[in-house]
Each structure stands twice: as structure tokens, then as C-alpha cells.
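My questions will all concern the structure given below.
The values are calculated or read from the model by the stated rules, or taken from the named source; none is laboratory data. Not measured: the values here are computed from a predicted model. Note that each Cβ is placed from the backbone with ideal geometry, even for glycine, and that neighbours are counted across all protein chains shown. Note: accessible area is taken over every heavy atom of the protein model, side chains too, but ligands, DNA and RNA are not part of it. Shrake-Rupley method; radii C 1.70, N 1.55, O 1.52, S 1.80 Å.
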Amino acid sequence: MRIDVVSIFPDYFAPLQLSLVGKAISAGLLHVAVHDLRHWTHDRHHTVDDTPYGGGAGMVMKPEPWGEALDALLSSDDNPDDNRGDGGRDDTALDDTVLVVPTPSGHRFSQPIAQDLSQKSRLIFACGRYEGIDRRVIEHARTRVQVRELSLGDYVLNGGEVATLAMVEAIVRLIPGVIGNPESLSEESHSEGNEGLLEYPVYTKPPLWRGLEVPPVLFSGHHAQIASWRRQQALELTRRRRPDLLPRQD
Ligand code: 6GU
């Protein structure tokens with residue numbers, strides 16, 4: 001997979017070199033390129049925002065730099081980080097590219113969406129700041145690639161950067177080969193193999209720590225009992241914390 005990120009704060013993305021995403025890059029399973037939106041400005045002050053038509057608070061990101069950035073990233077021959085020299089993009093066809101626009105007014109990002117995006121050959125993240133990006137940028141992009149406006153949840157961040165980091169991590173760990181033990185993917189919270197329940201509590205050695213014991217059933221060696229205990233715990237936790245995830249009781 002290839003991921004491009006466009007932002008006015010490229011430094012936000014240094015953590016992508018670390019940990020799991022960094023390993024996926026080193027292993028050649030992932031190519032990430034971070035681009036400074038101001039690269040596509042032409043005035044002395046590298047202006048990316050302006051006042052909103054119709055009035056109101058805050059600033060809106062101007063369409064021109066975004067238009068040029070997306071033109072450059074979507075064109076078949078201009079790819080600043082592609083060192084293959086053939087300018088080709090066979091593995092990143094436009095019909096398998098998704099433009100992700102993180103925004104608090106987007107559809108809620110979820111595990112199924114992460115799963116779907118993990119199968120694409122190319123993702124482009126457009127990180128907005130201020131009050132958002134001029135609407136025409138998204139409308140125009142939709143004529144060229146699939147566009148998904150996605151939100152992490154019902155709270156407001158200052159921009160799309162932190163949301164992009166979260167989404168990239170959720171997506172990249174689902175790329176085949178990125179996680180050493182794929183079984184751990186199917187048992188965890190929000191995965192399909194877990195009936196959509198929250199994950200049961202886990203324990204490791206020592207058996208007694210600060211006066212607290214590990215639930216004895218986990219020492220029993222009785223696999224069916226352990227599985228049944230874990231499912232009960234997952235159900236109870238989900239009922240208390242996230243009843244919205246339980247199958248409807250009507
Ligand atoms: Cl994707 N962006 C911003 N700016 N705020 C958010 C968000 C995204 N998701 C939740 N809050």
C-alpha cells in the first residue's frame with residue numbers, strides 16, 4: 001500500500017517511522033510520503049487560508065493549494081517520492097485509490113471501514129485545519145477518485161493530523177503481514193471474530209500481585225470453561241460500557 005499525507009504540519013507525522021507502522025515501511029509492505037501543503041502555494045507568505053464567504057468565525061482553507069496538491073498526487077507522472085524512475089503507478093491505479101478527508105462532520109470511522117481501506121492500493125489523507133477546506137475541493141476530487149470524509153468521534157480536534165495518525169495505525173495493522181500473529185486480530189475488541197463485543201480482561205504472571213489474584217478458572221487448563229468465562233466477561237463489560245454494541249433485545 002502507498003499512503004500520501006498532505007498537511008501544513010508535516011512534523012506531526014514523525015511517529016509514523018516508529019513501531020508497527022515503521023516496521024511495515026521497513027518491511028516494504030507500506031510506502032508513506034508526507035507532503036507540506038504550502039509547497040503548492042505561490043505567494044510570498046505561503047497562504048493556505050482565507051475568510052469565509054457569508055461571514056462567520058474562523059478561516060477556511062483555500063481551494064487552489066489543495067487543487068494543485070491533489071493534481072500532483074493523482075497525476076500519473078509526477079510523484080516526488082517514487083524512485084522507480086519509470087513514473088509508473090501500475091500498483092496505485094486511481095480506481096483503487098481513496099482520498100480520506102478527516103473531519104468532525106464526517107461518517108464515523110470504524111473497524112469495518114479500516115478493514116475496507118486496508119485493502120486499497122493507495123490512500124491519500126487530506127488534513128484540514130481551521131474551519132475546514134473549501135467545499136469545492138472535495139466536490140472536484142469526487143469526480144476523480146473515491147472520497148471518504150471520516151470522523152473519529154463526537155469531539156473536536158484542531159485539525160485532521162491526529163485523526164490521520166489514528167486512522168493510519170488502525171488501517172496499516174490490518175494489512176496482511178504487518179502483524180506477526182494474525183490470530184490476535186480476530187479476538188480483539190471490535191473485530192468480527194469477537195461477536196462485536198469488547199475484549200475480555202487479560203492477566204499474566206505473577207499469579208498474586210499486590211494482594212490481587214488472577215481468576216482461578218484461567219489456571220484450570222479447561223479450555224471450554226475458559227472460553228465460556230471470557231465470553232461472559234466480554235458480554236458483561238459490553239453491557240456496562242457499550243450497550244449500543246449489543247444485539248438489540250426486542
Ligand atoms: Cl477526523 N477531525 C477533527 N478536526 N476533529 C475530529 C475528528 C476529525 N474526529 C473527531 N474529532
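Within segment 104-132, track down each residue that is more than 12 Å from the chain's Cα centre (by Cα), modelled with pLDDT of 95 or more and open to solvent by 30 Å² or more (accessible area, probe 1.4 Å).
Pro104, Ser105, His107, Gln119, Lys120
In segment 136-174, which residue that is touching a strand residue (DSSP E or B) at 6+ places or on another chain (Cβ under 6 Å) and open to solvent by 70 Å² or more (accessible area, probe 1.4 Å) is farthest from the ligand (Cβ to nearest atom)?
Gln146
Test Arg240 against the stated conditions and say whether it is within 26 Å of Glu68 (Cβ to Cβ) and open to solvent by 100 Å² or more (accessible area, probe 1.4 Å).
Details: within 26 Å of Glu68 (Cβ to Cβ): no; open to solvent by 100 Å² or more (accessible area, probe 1.4 Å): yes.
Against the criterion (within 26 Å of Glu68 (Cβ to Cβ) and open to solvent by 100 Å² or more (accessible area, probe 1.4 Å)), Arg240 does not qualify.
Just one of Gly193, Gly177 is outside any loop (DSSP other than H, G, I, E, B), open to solvent by 30 Å² or more (accessible area, probe 1.4 Å) and not acidic (Asp, Glu); which is it? Step through it out loud before you land on a result.
Values: Gly177 fails: outside any loop (DSSP other than H, G, I, E, B).
Going through Gly193, Gly177 in turn, just one is outside any loop (DSSP other than H, G, I, E, B), open to solvent by 30 Å² or more (accessible area, probe 1.4 Å) and not acidic (Asp, Glu): Gly193.
What's the number of the only condition in (1) closer than 30 Å to Asp50 by Cα; (2) free of Cβ contacts under 8 Å to residues at least 12 places away in the same chain that Val100 fails to meet?
The number of the failed condition is (2).
Give the number of residues within segment 83-103 that are more than 15 Å from Leu123 (Cα to Cα) and either at pLDDT 60 or above or buried (at least 16 other Cβ atoms within 10 Å of the Cβ) (or both). Full working, then the answer.
Of segment 83-103, the ones more than 15 Å from Leu123 (Cα to Cα) are 83-88, 103.
Add one more test, that the residue is either at pLDDT 60 or above or buried (at least 16 other Cβ atoms within 10 Å of the Cβ) (or both), and what stays is 103.
So the answer is 1.
Whether any residue in segment 201-214 is more than 30 Å from Leu70 (Cβ to Cβ) and in contact (Cβ under 8 Å) with a residue 60 or more places away in the chain is what I want to check.
Residues of segment 201-214 more than 30 Å from Leu70 (Cβ to Cβ): 201-214.
From the residues that got through so far, the ones that are in contact (Cβ under 8 Å) with a residue 60 or more places away in the chain too are none.
So far as segment 201-214 goes, no, none of its residues is more than 30 Å from Leu70 (Cβ to Cβ) and in contact (Cβ under 8 Å) with a residue 60 or more places away in the chain.
Could you list, in sequence order, the residues of segment 196-237 that are open to solvent by 70 Å² or more (accessible area, probe 1.4 Å), assigned to a loop (DSSP other than H, G, I, E, B) and not basic (Lys, Arg)?
Val202, Tyr203, Thr204, Pro207, His222
Do any residues in segment 114-137 that are among the hydroxyl-bearing types (Ser, Thr, Tyr) have Cβ atoms under 6 Å from those of residues that are more than 16 Å from the ligand (Cβ to nearest atom) and part of a helix (DSSP H, G or I), where the two are at least six apart or on different chains, and which pairs are they?
Listed pairs, sorted by first residue: Ser121/Asp91; Ser121/Thr92; Ser121/Asp96.
Within the set of pairs 6+ apart or on separate chains, which have a first residue in segment 3-28 that is under 18 Å from Arg173 (Cα atoms), a second that is of a type outside the set (S, T, N, Q) and open to solvent by 70 Å² or more (accessible area, probe 1.4 Å), and C-beta atoms under 8 Å apart?
Pairs that qualify, where the first residue is under 18 Å from Arg173 (Cα atoms) and the partner is of a type outside the set (S, T, N, Q) and open to solvent by 70 Å² or more (accessible area, probe 1.4 Å), are Ile3/His31; Leu20/Glu169; Val21/Glu169; Ile25/His31.
Evaluate the following for Ser220: is it of a type outside the set (A, V, I, L, M, F, W, C), away from the ligand (no atom under 16 Å from the Cβ) and under 24 Å from the mean Cα position of the chain (by Cα)?
Details: of a type outside the set (A, V, I, L, M, F, W, C): yes; away from the ligand (no atom under 16 Å from the Cβ): yes; under 24 Å from the mean Cα position of the chain (by Cα): no.
So Ser220 fails the test.
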